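Data first, discussion second: the structure below is written as structure tokens.
The values are calculated or read from the model by the stated rules, or taken from the named source; none is laboratory data. All values derive from a computational prediction rather than experimental measurement. Methodologically, a virtual Cβ is constructed for each residue, glycine included, from the backbone with ideal geometry; neighbour enumeration extends over all protein chains shown. The accessibility values were calculated without ligands, DNA or RNA, using every heavy atom of the protein model including side chains. Shrake-Rupley method; radii C 1.70, N 1.55, O 1.52, S 1.80 Å.
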Amino acid sequence: MVNRDGRMPAANAKARRQQAIVAALRAAPALRIAELAQEFRVSTETVRRDLDELGHAGLLARTYGGAARPVAIEPAVAEREREMVAERRRIAVAAVAALGGCEALMLGGGSTTLHVARMLATTLPRGTVVTHGFAHAAVLAANPGIRVLMVPGRYEPREGIVVGAETVDHVGRFHAECAIVGASGITAAGAADVDDEAAAVYRAMRLASARVLVVADHAKFGRPAFAIHAELAEIGQLITDRAPDEHLAEALAHAGATVTVAQDPRPARS
């Protein structure tokens, strides 16, 4: 149905545009506002409103400058920092203990690994840490014995990390004793992240290290995420706050991955 002037009513145009956006996300993992505005010949503000409405309906995940597929949607790192603080601190303590005498490390971005960075800053007497997280680098730099190498790349403000081909290439120039990375979700398929570019950096860190520690709280178990950065057989050690369910535990054991459950230091109530 069209108006007398031959134009489609605004409501119909909006509905068709939003349907096209959802359909486009089936073919591409992410969409950019500027590109959508050009394709539909509307303003960027109109596209932002479309994405906001679709995001509220759970049909996509809003990202900085666009949208992504609605798989294991996560809040920004600053918001996640306020969640499960005690559990993540325990994971960080266990992760640092698992390092042994490692002094050449790679540290991925994320909220749980930021807790690891804080623990390293207070316990690691000396060492070198390669990271792509700005907050992680700032925390580690407070320890004069830690040499911090910040890799280059495109800055992603929502997560406070740098990503991209330059980041992946630079990570590949090093060899570390251990990589410590997080995950948005862990299933029988492996450890994954909602962001494919972040996952590419974690994968590069894993490949450039002799060992890999995946740090993730129990809420990540059974949650599928878009981009797998380590299959279960590629996870050397999973450090978490609660044992995974029987199905995932069996899959991890079959793949040869060690699971360490960080203990609560507080005495149990009698």
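Scan the range 94-128 for residues that are of a type in the set (A, V, I, L, M) and closer than 24 Å to residue 194 by Cα and jot them down. Don't jump to the end; show me each part of the working.
If we filter the range 94-128 for residues that are of a type in the set (A, V, I, L, M), which is where we start, we get 94-99, 104-107, 114, 116-117, 119-121, 124.
Scanning the range 94-128 gives 95, 105, 106, 107, 114, 116, 117.
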Name every residue in the range 148-168 that is part of a strand (DSSP E or B), out of contact with any Ser or Thr (no Cβ under 9 Å at 6 or more places or on another chain) and open to solvent by 40 Å² or more (accessible area, probe 1.4 Å), in order of residue number. 155
Regarding the range 224-240, can at least one residue be identified that is open to solvent by less than 70 Å² (accessible area, probe 1.4 Å) and charged (D, E, K, R)? no
Is it the case that the range 159-178 has a residue that's within 14 Å of the chain's Cα centre (by Cα), closer than 30 Å to residue 253 by Cα and among the aliphatic types (A, V, I, L, M)? no
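Working only within the range 23-34, note down all residues that are assigned to a helix (DSSP H, G or I) and surrounded by 15 or more Cβ atoms within 10 Å (Cβ to Cβ).
First, pick out the residues of the range 23-34 that are assigned to a helix (DSSP H, G or I): 23-27, 33-34.
Once the filter is applied, which keeps residues that are assigned to a helix (DSSP H, G or I) and surrounded by 15 or more Cβ atoms within 10 Å (Cβ to Cβ), the range 23-34 yields 24, 25, 33.
Return the residues of the range 204-223 that are basic (Lys, Arg) and surrounded by fewer than 21 Cβ atoms within 10 Å (Cβ to Cβ); say none if nothing qualifies. Explain how you work it out, then say what you get.
Quick first cut of the range 204-223, residues basic (Lys, Arg) only: 206, 211, 220, 223.
Hits for the range 204-223 are 211, 223.
Going by the structure shown, is residue 202 closer than 27 Å to residue 85 by Cβ, modelled with pLDDT under 95 and either outside any loop (DSSP other than H, G, I, E, B) or within 14 Å of the chain's Cα centre (by Cα) (or both)?
Details: closer than 27 Å to residue 85 by Cβ: yes; modelled with pLDDT under 95: no; either outside any loop (DSSP other than H, G, I, E, B) or within 14 Å of the chain's Cα centre (by Cα) (or both): yes.
Against the criterion (closer than 27 Å to residue 85 by Cβ, modelled with pLDDT under 95 and either outside any loop (DSSP other than H, G, I, E, B) or within 14 Å of the chain's Cα centre (by Cα) (or both)), residue 202 does not qualify.
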Filter the range 88-147 for residues that are outside any helix (DSSP H, G or I) and open to solvent by 50 Å² or more (accessible area, probe 1.4 Å) and give the result. 100, 101, 103, 125, 126, 141, 142, 144, 147
